[in-house]
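Asker: Provided herewith is a single structure, encoded as structure tokens, for subsequent inquiry.
What follows is calculated from the coordinates using simple rules that are stated; it is not laboratory data. What you see is a predicted model, and the numbers here were worked out from it, not measured in a lab. FYI the Cβ positions are ideal-geometry reconstructions off the backbone, even for glycines, and counts take in every protein chain you see.
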Amino acid sequence: MSPLLLLGGTFSPVHLGHLRMAEIASESLGVSATFLINSIPPHKEAPSVTSADRLRMLEIALQGTGFSIDTRELRRSSPSYTSETLREIRAERPHDPVIFIIGMDSFRTIGSWHEAEELPKLAGFFVIRRPGTEMPPLDESFLALHAERAENAEELLEAPAGRYFISERECLPVSSTMIREALSRGEEPELIAPGVLQYIREKGLYRR
């Protein structure tokens, strides 16, 4: 089996928190992460910059990391639902472990996602704590009710789907929203790759 480790997002813009999440999961599993860039996120406002700019920033950020990019969702004209993408990937790789990296905030709300009941059938989940978040009660967690909790990360590699693991390691205290707001105020944002920030400045992105 050849495991696939995915980190999805609009990456508008990509920041060091995204890279840290990928690093934590990759180091824990021994699998290099693939960044799955969204086109039209159904649960958020459409990105204020073009898909081409978001992709270019991601390419700059990932230079020298060994991580790769999956652009399949950019080729869609419809909203990017995780269940549809995972179903497509599962058809391509019916027996491989497919592992989706999510933060604790998403873990707590995943029951509201489109076709949420299908998600544990399609992938395993590597959950990363964000600073300041607490572990929700397991009996109230959607994944706890629909998937088996793995005691260690390696157990995610033993099944194609249906398991979740909660890492003790935390992500960085940063979000794309924080960076966009700082840029709109003319401030110098933190926790963003210098090359990405230079691209944003040169292209005049995220200005009010």
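Asker: By per-residue mean of other Cβ atoms within 10 Å, what is the highest-first order of 102-113, 57-68? Kindly include the intermediate steps, with their values, before the conclusion.
Answerer: Values: 102-113: 17.4, 57-68: 15.8.
In decreasing order of mean packing, 102-113, 57-68 become 102-113, 57-68.
Asker: If we sort 22-29, 86-93 on the protection proxy, mean other Cβ atoms within 10 Å, highest first, what's the order?
Answerer: Result, highest mean Cβ count within 10 Å first: 22-29, 86-93.
Asker: Please get the size of the charge dipole for segment 4-203, origin at its Cα centre, with Cβ charges of +1 on Lys and Arg and -1 on Asp and Glu, quoted in debye to the nearest 20.
Answerer: With Lys and Arg at +1 and Asp and Glu at -1, about 620 debye.
Asker: Quick one: Cα centre-to-centre distance for segment 147-185 and segment 63-117, in angstrom?
Answerer: 13
Asker: Could you work out how far apart the two model spin labels at Arg149 and Leu191 are, taking each label as a point 7 Å from the Cα in the direction of the beta carbon, and quote it in nm?
Answerer: If labels sit at Arg149 and Leu191, their model points lie 2.6 nm apart.
Asker: Please work out the Cα convex hull volume for the chain and give it in Å³ per residue.
Answerer: Each residue corresponds to 116 Å³ of Cα convex hull volume.
Asker: Counting only residues 5 or more places away or on other chains, whose amide H sits under 5 Å from the amide H of Phe125 once H atoms are built in the peptide plane?
Answerer: Excluding prolines and chain starts, which carry no amide H, the hits are Phe100, Arg163, Tyr164, Phe165.
Asker: Same structure again: Using a simple spin-label model with points 7 Å from Cα along the Cα→Cβ vector, what separation in nm is obtained for Glu23 and Arg208?
Answerer: 3.3
Asker: At R0 = 41 Å, how high is the FRET efficiency between Glu168 and Glu117 if r is their beta carbon distance? Nearest 0.05 is fine.
Answerer: 0.90
Asker: For the chain, what is the mean residue ellipticity at 222 nm derived from helices alone (per DSSP H run of n ≥ 4: -39500 (n - 2.57); sum divided by total residues; nearest 500 deg cm²/dmol)? Show your work: numbers first, answer last.
Answerer: Working: 8 runs with 70 residues, N = 208.
For the chain, the value works out to -9500 deg cm²/dmol.
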